[in-house]
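The values are calculated or read from the model by the stated rules, or taken from the named source; none is laboratory data. Note that the structure is a prediction, hence the values are computed from the model and not measured. Cβ placement follows ideal geometry from the backbone for every residue including glycine, while neighbour counts extend to all protein chains displayed. Side chains are part of the model used for accessible areas, which takes the heavy atoms of the whole protein and leaves out ligands, DNA and RNA. Shrake-Rupley method; radii C 1.70, N 1.55, O 1.52, S 1.80 Å.
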Amino acid sequence: MAHLLRGYGDDRTPVAHSNDIFKEHLRKFQLSKLIGKKNSGMPVVVDDTLKGKAAGDTVVFHFIPQYKGPGLYGQNITITGNEKSLDEFIDTIKIDQVAMAFAKRGKLTTKRLIWDFRSEAKSQLSNWFTDQNNVWSFDALTGYLANGFDYIPEKDRATTPLVNGVGRCVRASSTKGFELVAPANTSDNALLTNMAATDLINTQLLDNLTIVAKHGNDKYQIAPVRMNSNGKEMYFLLLSLEAARDLRQDSRFEKHALSLVQAGLDPAKDPFVSGALGVWGNVILLESEYIHKIVKSDKSVAVSRNLLLGANAMAMIWAQTTDYREEWKDYQREIGIAADEIRGQKKLVFDGVDQGVIQVPTAYK
């Protein structure tokens, strides 16, 4: 039996379709304005140049921390034999194939019907990858997606700590304003047990986020992102819609939060600040429907796992960007359209410490 396959290289299946879908779904990705290449200082590191890698391979990221020990003083000191070494840490990211496809069955009587289906399928593929980009990225930043496409098993999800390193989780507190959370207490169950419904987001928590980012961990600080508008170094706090609503109702925030103009930020120069809720100190506040929320079984406590991002929070890597294909079957009575990528994503963790993200759990009303 013979059949016709219309594939990637066919003149009627333009290569541009692959590039169009990839560029479109990356452009619509919610964190698209926070991405950059390696060493760009942006929160999301993107590498789409890993040709030769295949599904099931791993990609290695390197981290060499800045040495901060004492120098060698005095003209009589011997330098030879007193040299210091540099530490190097790595994080490996798994890549795998992910695909989505649509098919149309039945006799195709006109080219117009064929082209309509192709246009719709292409749009659907782009939108699917866009949504999944958001899901995978927030799952990775939160810790549910451990590596590549390997999720924490559902049976272990509620009891698995999701934060690596001291000072990488700070929660709201109705009595103290804020409270550091030990890594062992960052599972869903632990947060819901230790937090009260009154532990809402507050400005005292916001006041201390930069301090925690810089000094919460004894060895590594969260590197801020340098703005093009004013040269200042800032962090990004991604809030759930509920946390953002609660913050708007805080009278101190309403009175003292800065607008983008007041903070000297220009969306034309820093597109990622567009639509910001406001600026508090050197923290830019954004809201996202993809922030994870957890609810206690008796509904007494609901918590948002908000995220403070600095540089190099996570990596998104592609060994193959979007490959668009069409396939005809059954004497042109059935057409299938598919797209696939070989890719992976992971929160970057070096020396057992989350590199560029702090979880900021807050209860919400």
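Here T130 fulfils each of the conditions (1) modelled with pLDDT of 95 or more; (2) touching a helix residue (DSSP H, G or I) at 6+ places or on another chain (Cβ under 9 Å); (3) open to solvent by less than 40 Å² (accessible area, probe 1.4 Å); (4) of a type in the set (V, I, T) apart from (1). I need every pair where a residue in segment 146-161 that is open to solvent by less than 70 Å² (accessible area, probe 1.4 Å) has its Cβ under 6 Å from the Cβ of a residue that is hydroxyl-bearing (S, T, Y) and at pLDDT 95 or above, sequence separation at least 6 or different chains. Sorted first by the residue in segment 146-161, then by its partner, the pairs are I152/Y144; I152/T160; T160/S187; P161/T186; P161/S187.
Hey, any hits in segment 31-40 for a residue that's open to solvent by less than 80 Å² (accessible area, probe 1.4 Å), more than 16 Å from W318 (Cα to Cα) and either modelled with pLDDT under 75 or outside any loop (DSSP other than H, G, I, E, B) (or both)?
From segment 31-40, those open to solvent by less than 80 Å² (accessible area, probe 1.4 Å) are 31-32, 34-36, 40; that's our starting set.
If we keep only those that are more than 16 Å from W318 (Cα to Cα) as well, we get 31, 34, 40.
Retained after the next criterion (residues that are either modelled with pLDDT under 75 or outside any loop (DSSP other than H, G, I, E, B) (or both)): 34.
Looking through segment 31-40, at least one residue is open to solvent by less than 80 Å² (accessible area, probe 1.4 Å), more than 16 Å from W318 (Cα to Cα) and either modelled with pLDDT under 75 or outside any loop (DSSP other than H, G, I, E, B) (or both).
Close contacts from segment 291-315, counting a first residue that is under 22 Å from T198 (Cβ atoms) and charged (D, E, K, R) and a second that is open to solvent by 10 Å² or more (accessible area, probe 1.4 Å) and assigned to a strand (DSSP E or B), with Cβ to Cβ under 8 Å and a gap of 6+ residues or different chains, come to K293/A302; K296/A302; R305/K293; R305/I294. Residue check: L286 meets all listed conditions (1) modelled with pLDDT of 95 or more; (2) outside any strand (DSSP E or B); (3) crowded, with 18+ Cβ neighbours inside 10 Å but one, namely (2).
Would you check if there is a residue in segment 268-280 being assigned to a strand (DSSP E or B), open to solvent by 10 Å² or more (accessible area, probe 1.4 Å) and not small (G, A, S)? Scanning segment 268-280 turns up at least one residue that is assigned to a strand (DSSP E or B), open to solvent by 10 Å² or more (accessible area, probe 1.4 Å) and not small (G, A, S).
Starting from residues that are open to solvent by 10 Å² or more (accessible area, probe 1.4 Å) and of a type in the set (A, V, I, L, M, F, W, C), keep the ones in segment 289-300 and report whichever is farthest from the chain's Cα centre (by Cα).
In the first step, residues of segment 289-300 are kept if they are open to solvent by 10 Å² or more (accessible area, probe 1.4 Å); the result is 289-290, 292-300.
Imposing the further condition that a residue be of a type in the set (A, V, I, L, M, F, W, C) reduces the set to 294-295.
Working: I294: 19, V295: 22 Å.
Among those that are open to solvent by 10 Å² or more (accessible area, probe 1.4 Å) and of a type in the set (A, V, I, L, M, F, W, C), it is V295.
Considering L200, L237, L162, L209, the condition of being at pLDDT 95 or above, in contact with a Ser or Thr (Cβ under 8 Å, 6 or more places away or on another chain) and either closer than 27 Å to V279 by Cα or of a type in the set (S, T, Y) (or both) is satisfied by L200 alone.
For segment 115-122, state whether one or more residues are at pLDDT 90 or above, surrounded by fewer than 19 Cβ atoms within 10 Å (Cβ to Cβ), among the acidic types (D, E) and more than 12 Å from the chain's Cα centre (by Cα). Before you say what the answer is, go through the steps one by one.
Pass one, segment 115-122, residues at pLDDT 90 or above: none.
The answer is no; no qualifying residue exists.
Among the residues making up segment 198-246, those that are in a strand (DSSP E or B) and either surrounded by fewer than 20 Cβ atoms within 10 Å (Cβ to Cβ) or touching a His at 6+ places or on another chain (Cβ under 8 Å) (or both) are R226, E233. Checking each residue of segment 216-223 against the condition of being within 18 Å of L286 (Cβ to Cβ) and touching a helix residue (DSSP H, G or I) at 6+ places or on another chain (Cβ under 7 Å) gives at least one match. Among the strands (runs of 3 or more DSSP E) confined to segment 301-365, the ones with at least 2 residues that are open to solvent by less than 10 Å² (accessible area, probe 1.4 Å) and at pLDDT 95 or above are located at 302-309, 357-363.
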